[in-house]
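Asker: Shown below is the structure under consideration.
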Amino acid sequence: MSYCMSTTDPRKNYEETRKEIGFVTRKEATLNDYKRIGFKSGLEIHQQLKTKSKLFCRCPAGIFHDDNDYDAEVIRHMRPTLSEMGVYDGTALMEFRTRKEITYRINNETACTYEVDDTPPFPIDREALEIAISIALAAKMNIVGEVHITRKQYLDGSIPTGFQRSAIISVEGELQLKNKKVRLIQLSLEEDSCREVSDIGHKRIYKTDRLGMPLIETVTYPDCLTPDELAEAAEYIRFLNRSTGRVRTGMGAAREDVNVSCEGGSRAEIKGVAHIKWIPELSHNEAFRQYALLNIRSKLQKMISDPAAWTLKTREITEKEQMFHFAPVRAALDRGEKVMALNLPGCRGILSHFTQPGLIFADEISDRLKVIACIEKPNMTHSEEIAEGNFNNLFPEVAIWLSAGPDDAQIILWGPADDIRTALETVEERIRLAFEGVPNETRKAFEDGTTMFERVLPGRDRMYPDTDSQPIAVTTEMLERLGKGQPVDVSVRFLQMKEWGLPEDTWHYLLSKNLVEIIERIGNDFGFDRREVGILIGHRFRSLDGRGKVAKGFSRERLYDLFAFLRQESLLPPVARIMLPAVVAVPSPDFGAILAATGLRRAAMDEITGEIKVHAGRFPEICHNGNMAGIEDWVMGQLHMKALGTVRLSEVKKAVSEILEVRD
């Protein structure tokens, strides 16, 4: 029996819908493009604090273990609890549906009974509290009069207790970017979560070394109207945190959650972005994804007159239906899994609708099948695949078998029999959400700038007071003490670097490594030119750092000590360039020995000028065909190492020019 009804060319539909929403790449995008779609975004920046202990116990912070380095395992199953308002949080209910078995790998060096909720919390770590208040003061925020600990439900298993202890430290502030101000909502002190080892099917494994470490969360208003503004705000917060010298650095020490929406869309949170440089591409694509979902809503509203009456039609594909045993179906049946064919009334052209570069609406469904039904990919195929090697030509027969109409689309999904009910509910739920537009979601970030569904966006219903912790008064004495010695504002640092004449390609590195303050101190204390010192550190030291030549445990304070040594020895900054590779190669460098090994020695200007004529006299012996054009550069090369560090090379060059002129 043949299927003669009209069909969709999926690849063509992907390209046409891409054009319909006016998608452009980030490189092509202009300010008008972002105004057209109503781009709006804000940040939640999580930054680990440099403390000795964890936040609510006295286990050491900052010690990390390999995935298989553990002493015991604890297994748990999470369930939701009522919030203070007597309702369940949507995220908690979604996580409960996944039926996950959570395994925690515990190392006795970094965990105790508090982490697994067998012991009440210790009093909050005072060092962490004071660092958080100090950073809030540096951000010029309003500090709360009393710190209250609350509980925030996390049923993804990343915290064994099922909730995170958190406390608001300050509210309301602003960041001064180059061309605008971005408002701050609040800064909170929180305990960090576990690190995920694996997440396959219904089993998720975590390790607890990071669990409970203190971190702060800085939240902005959605004031950023372009992806570049968003990245600039993230960098500003990063620089501000690091300027205190009291936060951790390195992979995972800071993580960004990016909140994005477009006009008519909803807030989607891109969770745990590992690198700020990813933010522009991720936020750009997310805003256009939402714009695409709004276009999908419009199409569905035209094709389906009564969304409330819309429903799936399903039939099981068994061993009997051999005409539908395409490769993935046959493989699923051979694994003993259940296979279901679904008809989606009125959804022709929807599954292949563009959502993100290289992705279509069907991927939104597949992602949820993985996360909610716990069916690993590949978990479905459908009638509008855009990838090569698809089975689109076989779906007309499936459509007939399902008694489909000409405007319908079809999906075939598979998985363990126990998961199929949840899978079918998940598909229907996602289509119904498409009728409404853009669902509130937390999404996982990928390096290519795309995202996938991670969970339903949490709401206020997951918050409730922590009855195990007493409020903490923030006294005037505490604020006065912590307010002393605050770092210079980041916006002022930018102005300083510009005034000093530092190349702009050094600014980001110097701020991210908190080195501007060291350059300023070197200039103030030893009289060295800040531009010269800044270029040496911003170029030479950065190069060594980037090539992995800086020893583990090397303190940036040793750079200050190096210039202190040069001043003591009456040497000039260029000597630091020669010494730096050996200086940074060990945690505690011996400056005197390193200087001796370079072969540099002090030479007075009289001694140097006395050698100019000697070298000039030798040049005719080595030049080619008596060509004297390069004599000045050659003489400078002979004198370079002798003059370096005691006499400015510009002065030597001037003397060489004058003596050679007289000689001629």
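Asker: Out of the total accessible area of the chain (probe 1.4 Å, heavy atoms of protein only), what percent is carbon and sulfur?
Answerer: Here carbon and sulfur together make up 50 percent of the probe-accessible area.
Asker: Still on this structure, I have one more. Straight distance only, please: which aspartates and glutamates reach the Cα of Lys484 with their own Cα at less than 13 Å, same-chain residues fewer than 8 apart left out?
Answerer: Qualifying aspartates and glutamates at Cα under 13 Å: Glu130.
Asker: Hey, another quick one. Run the numbers on the stretch 398-536 and let me know its relative contact order in percent, using alpha-carbon pairs under 8 Å that are six or more apart. If you can, show how the numbers build up before the last one.
Answerer: Working: 53 pairs, mean separation 14.1, N = 139.
Answer for the stretch 398-536 is 10 percent.
Asker: I would also like to ask the following. Any idea how far the Cα center of the stretch 362-411 sits from the one of the stretch 124-151, in Å?
Answerer: Between the Cα centre of the stretch 362-411 and that of the stretch 124-151, the gap is 51 Å.
Asker: For the chain, calculate the relative contact order in percent as a whole number, restricting contacts to Cα pairs under 8 Å that are 6 or more residues apart. Please report the intermediate quantities before stating the final value.
Answerer: Details: 1179 pairs, mean separation 101.3, N = 664.
Computed over the chain, the figure is 15 percent.
Asker: Which order do peptides 579-590, 184-195, 105-116 fall in by mean Cβ count within 10 Å, highest first? Don't jump to the answer; show the numbers that get you there.
Answerer: Numbers: 579-590: 16.8, 184-195: 22.7, 105-116: 18.7.
The densest-packed peptide leads the list: 184-195, 105-116, 579-590.
Asker: Next up: Ranking request for peptides 128-136, 323-331: highest mean number of other beta-carbon atoms within 10 Å first, then the rest in descending order. Could the numbers behind the result be given before it?
Answerer: Values: 128-136: 24.2, 323-331: 15.8.
Answer by packing, highest mean first, reads 128-136, 323-331.
Asker: Treating cross-link reach as a plain straight distance, find the lysines whose alpha-carbon is under 17 Å from the alpha-carbon of Lys513, omitting any fewer than eight places away in the same chain.
Answerer: Lys50, Lys277, Lys549, Lys552
Asker: The stretch 1-62 to the stretch 519-579: how many Å between their Cα centroids?
Answerer: Centre-to-centre distance over Cα atoms comes out at 42 Å.
Asker: Could you work out the helix-only [θ] at 222 nm for the chain, with each DSSP H run of four or more residues adding -39,500 (n - 2.57) and the total divided by the number of residues, to the nearest 500 deg cm²/dmol?
Answerer: Working: 22 runs with 252 residues, N = 664.
It comes out at -11500 deg cm²/dmol, rounded to the nearest 500.
Asker: Here's another thing I want to ask about it. On C-alpha positions alone, give me the angle between the axis of helix 227-243 and the longest principal axis of the chain, in degrees, nearest 10.
Answerer: Between the helix axis and the principal axis of the chain, the angle is about 60 degrees.
Asker: Also: Quick one: accessible area per residue over the chain, 1.4 Å probe, rounded to a whole number of Å²?
Answerer: Numbers: 29910 Å² over 664 residues.
Each residue of the chain exposes 45 Å² on average to a 1.4 Å probe.
Asker: Any idea what log10 I(q)/I(0) is at q = 0.05 Å⁻¹ for the chain, Debye with uniform C-alpha scatterers and no solvent?
Answerer: Log10 I(q)/I(0), no solvent term: -0.35.
Asker: So, one more: Between 0 and 90 degrees, rounded to the nearest ten: what's the tilt of helix 631-643 against the longest Cα principal axis of the chain?
Answerer: Between helix and principal axis, roughly 90 degrees.
Asker: If you don't mind, another one. List the lysines whose Cα lies under 23 Å from the Cα of Lys320, skipping any in the same chain that are fewer than 8 positions away.
Answerer: Lys320 reaches Lys338.
Asker: Here's something else I'd like to know. Under 8 Å for C-alpha pairs, at least 6 residues apart: give me the relative contact order for the stretch 167-295, rounded to a whole percent. List each step's numbers first, then the result.
Answerer: On the way: 186 pairs, mean separation 22.7, N = 129.
Once divided by the residue count of the stretch 167-295, the mean separation gives 18 percent.
Asker: Please report how far the C-alpha centroid of the stretch 190-220 lies from that of the stretch 231-284, rounded to the nearest whole angstrom.
Answerer: That distance is 17 Å.
The values are calculated or read from the model by the stated rules, or taken from the named source; none is laboratory data. All of these numbers come straight from a predicted model, not from anything done at the bench. All Cβ positions, glycine included, derive from the backbone under ideal geometry; neighbour counts span all protein chains shown. In case anyone asks, the SASA skips ligands and DNA or RNA and just uses the protein heavy atoms, side chains included. Shrake-Rupley method; radii C 1.70, N 1.55, O 1.52, S 1.80 Å.
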